[in-house]
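**Student:** Dropping a structure here in structure tokens format, bear with me for questions.
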Ligand SMILES: CC(C)(COP(=O)(O)OP(=O)(O)OC[C@H]1O[C@@H](n2cnc3c(N)ncnc32)[C@H](O)[C@@H]1OP(=O)(O)O)[C@@H](O)C(=O)NCCC(=O)NCCS
């Protein structure tokens, strides 16, 4: 059975394994070097009640994670966060990503966030459609801002405003 809960430090190995696979094999993230657990701890502790990290758990195994990260340390941005969403490769296409996204969207609203941003690389139609379906609107395209696997990439900026 699939469940969703707040991530703990003990989940960090599994979260990192999923993220590092995406770094090495996808343009979903513009990181190009895999993360160490020490680097991931810094990322983990930069989250809090208002900026949760959730994991999707299937039969005690972590099959995906999502986070709401601070958009900026500048205080006026305090009610804005950026969404990240990753499902373990062999578990994609089974509805986990959608449920994880819906769960973290609810948490963000309950935490008092006002707006969420998602940055999605060109070609990631699955994510663009998924975020659109969950109320995100395409608000702009940053042209040719990334270079990965020898290709220049655009980044689509999507935004959801709660209660809009
Ligand atoms: C994007 C991602 C999180 C989606 O998670 P998922 O569990 O595979 O997605 P779901 O099974 O919940 O499907 C969500 C929607 O995408 C569609 N979809 C999923 N996989 C698909 C595929 N391979 N081809 C076409 N459509 C697909 C589903 O049909 C569903 O749409 P629907 O409800 O209209 O039918 C996952 O593919 C992933 O981790 N990708 C790599 C990281 C990434 O791109 N993250 C997003 C950037 S922030």
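The values are calculated or read from the model by the stated rules, or taken from the named source; none is laboratory data. Computed from a prediction, not measured in an experiment: that's the story for all the values here. Here Cβ is always computed from backbone atoms with ideal geometry, including for glycine, and neighbour counts include all displayed protein chains.
**Student:** What number goes with the only condition from (1) more than 22 Å from residue 55 (Cβ to Cβ); (2) touching a strand residue (DSSP E or B) at 6+ places or on another chain (Cβ under 6 Å) that residue 78 does not pass?
**Tutor:** Every condition holds for residue 78 apart from (2).
**Student:** What pairs can you find where one residue is in segment 94-113 and closer than 16 Å to residue 63 by Cβ, the other is surrounded by 14 or more Cβ atoms within 10 Å (Cβ to Cβ) and at pLDDT below 95, and their Cβ atoms are less than 6 Å apart, with a gap of 6+ or different chains?
**Tutor:** none
**Student:** Shifting gears a bit: Scan segment 134-164 for residues that are farther than 18 Å from residue 31 by Cα, in contact (Cβ under 8 Å) with a residue 24 or more places away in the chain and within 15 Å of the ligand (Cβ to nearest atom) and report the count.
**Tutor:** 6
**Student:** Given the structure, is residue 17 closer than 27 Å to residue 113 by Cα and either out of contact with any helix residue (DSSP H, G or I) (no Cβ under 7 Å at 6 or more places or on another chain) or without any contact (Cβ under 8 Å) to a residue 40 or more places away in the chain (or both)? Break it down into steps so the answer makes sense when it comes.
**Tutor:** Details: closer than 27 Å to residue 113 by Cα: no; either out of contact with any helix residue (DSSP H, G or I) (no Cβ under 7 Å at 6 or more places or on another chain) or without any contact (Cβ under 8 Å) to a residue 40 or more places away in the chain (or both): yes.
Judged against the criteria, residue 17 is not a match.
**Student:** Could you please let me know if residue 8 is exposed (fewer than 14 other Cβ atoms within 10 Å of the Cβ), farther than 25 Å from residue 153 by Cβ and either within 12 Å of the chain's Cα centre (by Cα) or modelled with pLDDT of 95 or more (or both)? Before the answer, list the steps.
**Tutor:** On the way: exposed (fewer than 14 other Cβ atoms within 10 Å of the Cβ): yes; farther than 25 Å from residue 153 by Cβ: yes; either within 12 Å of the chain's Cα centre (by Cα) or modelled with pLDDT of 95 or more (or both): yes.
Yes: the conditions hold for residue 8.
**Student:** Ok, one more. Go through the residues of segment 104-125 one by one and say whether even a single one is loosely packed, with under 15 Cβ neighbours inside 10 Å, within 16 Å of the ligand (Cβ to nearest atom) and closer than 21 Å to residue 23 by Cβ.
**Tutor:** Checked segment 104-125: at least one residue is loosely packed, with under 15 Cβ neighbours inside 10 Å, within 16 Å of the ligand (Cβ to nearest atom) and closer than 21 Å to residue 23 by Cβ.
**Student:** May I ask you to verify whether residue 7 is within 13 Å of the ligand (Cβ to nearest atom) and at negative phi? Break it down stepwise before answering.
**Tutor:** On the way: within 13 Å of the ligand (Cβ to nearest atom): no; at negative phi: yes.
Criteria not met by residue 7.
**Student:** Any idea which of 61, 131 is under 16 Å from the mean Cα position of the chain (by Cα) and in contact (Cβ under 8 Å) with a residue 12 or more places away in the chain? Break it down stepwise before answering.
**Tutor:** Numbers: 61 fails: under 16 Å from the mean Cα position of the chain (by Cα).
Answer to the selection: 131.
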